[in-house]
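Take a look at the structure set out below.
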Amino acid sequence: MSVSPELMYAILSMDAYNRGYDPGIDYGGGNSIANATVMQESDTSLGGDDVAAGFYAVEYMWNSDTIISYRGTNTGSEAELLADIWNGWTVGGGFSAASQAGLAINFYEAVTGQSLYDGVVANTLLTGHSLGGGLAGFVSALSKTGGVGFDHMPFGLAAWAQYASDYIAGNVTGNAPDLSLFEGISVDTIKGDILLLMNIVYELLACFRCYPRSSSMQPSAGDVIFERFLSIHLDVVEVSFGDKLGILNESIHER
Amino acid sequence: MKTWTLGILGVLAVAMLSGCELIGFKNWEWHQKITVEVVGPSGLITSDSVIEVRCGTSPDWLGGGGMGCQVKGEAVAMEIAPGQVLFALLKGDPESQNYPAKVAYQVFFPNRKLTTVEERGDLLEREFRGDRRDLPRQNYPLLVTFTDINDPKTIQRVDPDDFGAAFGPGIWLKHITLEITDEPVTEGKIESVLGWFLNYVKNGYRVNGVKCVACPVSSHNLADLIGTGEFKTGGKK
């Protein structure tokens with residue numbers, strides 16, 4: 001019986017919980033699931049940075065496609081849970097500096113051989129459940145490589161903050177931003193508006209999926225940039241966090 | 001949405017101030033000693049290492065999720081002959097995970113259906129002090145040595161049934177045991193034996209001298225699969 005892509009992505013999102021350090025189910029070995037083959041994984045060395053941050057990811061090869069699956073929250077112990085909350089859930093609050101976000105980017109770049117902003121990587125998809133889905137969405141939004149999240153953690157604010165930070169630092173190379181995003185805004189004012197938006201983002205970090213609108217704030221060019229960025233780079237459908245069946249509910253469209 | 005964030009912070013605050021057990025987290029901690037006994041031309045050689053194991057479960061309201069463990073300690077290091085050192089790593093067979101944290105569960109509770117996860121944790125923490133058991137073959141740590149102790153890339157696996165291939169004739173493994181103990185965690189032996197070790201820890205290298213971000217899951221070269229954490233983990237780096 002053939003497996004639909006959506007079902008396979010769900011299976012691989014689940015499989016990331018059962019590999020590496022502290023697997024949910026110890027299969028006792030084996031580097032394949034169904035007809036997908038495990039190619040590489042993030043560093044599982046005890047005491048290493050990845051394990052200390054609660055991060056784990058797997059690269060699979062499935063039907064000639066590369067699938068990267070990021071593991072979600074480990075609830076096996078309070079130590080693991082706290083590591084995921086501090087280093088991973090904060091991405092949902094807009095902190096792109098959360099260590100699992102950086103590790104997710106590093107793993108993506110190591111697997112694909114491309115920098116984050118080098119554009120879509122062919123025959124590659126990012127996936128994950130819960131925190132893992134948030135990391136997949138975060139990397140997908142920035143890289144434009146397709147992704148599928150299952151019951152995923154929010155990632156949009158963190159992706160925006162990461163992009164703004166990288167752009168100001170001059171790290172967005174090989175993939176210049178679409179200047180139509182800044183239509184009517186001169187280059188000299190871009191930085192100012194991005195910094196303004198970053199301040200807005202940090203003020204809103206307690207607010208998932210919120211937009212900078214309030215009666216005290218006049219819509220500004222920065223607000224336009226913010227919403228246009230999201231509308232172009234992300235195409236999301238709101239889903240219930242109570243959806244435990246992992247039904248495909250989102251896709252990240254390429255530009 | 002702010003309410004949700006405040007809610008999470010509130011739960012964490014309660015947990016930190018009043019103990020996580022109040023909100024359903026359970027934890028167990030014990031020390032376990034792995035002892036390796038080898039018979040050589042000059043007689044019995046014994047070496048051991050004590051590690052700390054902490055395991056815990058999460059409450060049902062978080063969805064449960066099994067048990068997670070953390071380990072602090074070192075591998076066993078045994079000098080078979082000058083320049084020839086056997087290591088019993090903090091790692092089982094290369095294909096298996098969860099070692100060494102859960103090996104005590106497997107050894108002391110071979111039939112898991114007779115006890116709950118909580119009962120096993122309680123017994124290991126409180127009842128089995130001084131209890132020493134032979135490790136079954138399937139629970140052996142990964143045994144390795146270096147053909148050149150100063151070159152980490154020369155790491156090779158030692159066959160428990162053929163110590164002679166690694167160390168010469170007349171040397172064989174008697175047994176490996178696990179004991180629940182009160183002894184303190186072993187410290188400092190690995191870096192005293194492996195001169196390159198602390199530098200590799202600092203740089204995050206695997207034994208092959210490479211820091212991997214996307215790491216191989218299988219390789220003909222054992223050095224590609226072993227990191228410094230398999231020799232020593234936990235505590236300050």
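What follows is calculated from the coordinates using simple rules that are stated; it is not laboratory data. Here the structure is a predicted model, which is why all the values come from computation and not from measurement. Here the Cβ positions follow ideal geometry from the backbone for every residue, glycine too, while neighbour counts run over all protein chains shown.
Only alpha carbons enter this Debye calculation for the range A:5-155, each as an equal point scatterer, and the log10 of I(q)/I(0) it gives at q = 0.09, 0.15, 0.19, 0.21 Å⁻¹ is -0.23, -0.67, -1.12, -1.39.
Could I get the Rg over Rh figure for the range B:17-232? Both from C-alpha atoms, Rh via Kirkwood, rounded to two places. With Rg and the Kirkwood Rh in hand, the quotient comes to 0.99. For the range B:150-237, the equivalent ellipsoid built from the Cα gyration tensor has semi-axes of 24, 21, 13 Å, listed from largest to smallest.
With Cβ to Cβ distances under 9 Å as the rule, what net charge do the other residues near residue B:206 carry (K, R +1; D, E -1)?
So the environment of residue B:206 carries a net charge of -1.
Along the range B:140-147 the Karplus relation, 6.51 cos²θ - 1.76 cosθ + 1.60 evaluated at θ = phi - 60°, assigns HN-Hα couplings of 5, x, 6, 9, 9, 8, 10, 5 Hz to successive residues, with x for each Gly and Pro.
Across peptide B:207-215, the mean count of Cβ atoms from other chains lying within 10 Å of each residue's own Cβ comes to 6. With 20 Å as the limit, write out which pairs from B:72/B:102; B:33/B:211; B:102/B:189; B:153/B:232; B:72/B:189 have Cα-Cα distances beyond it, or answer none. Listed pairs above 20 Å: B:33/B:211; B:102/B:189.
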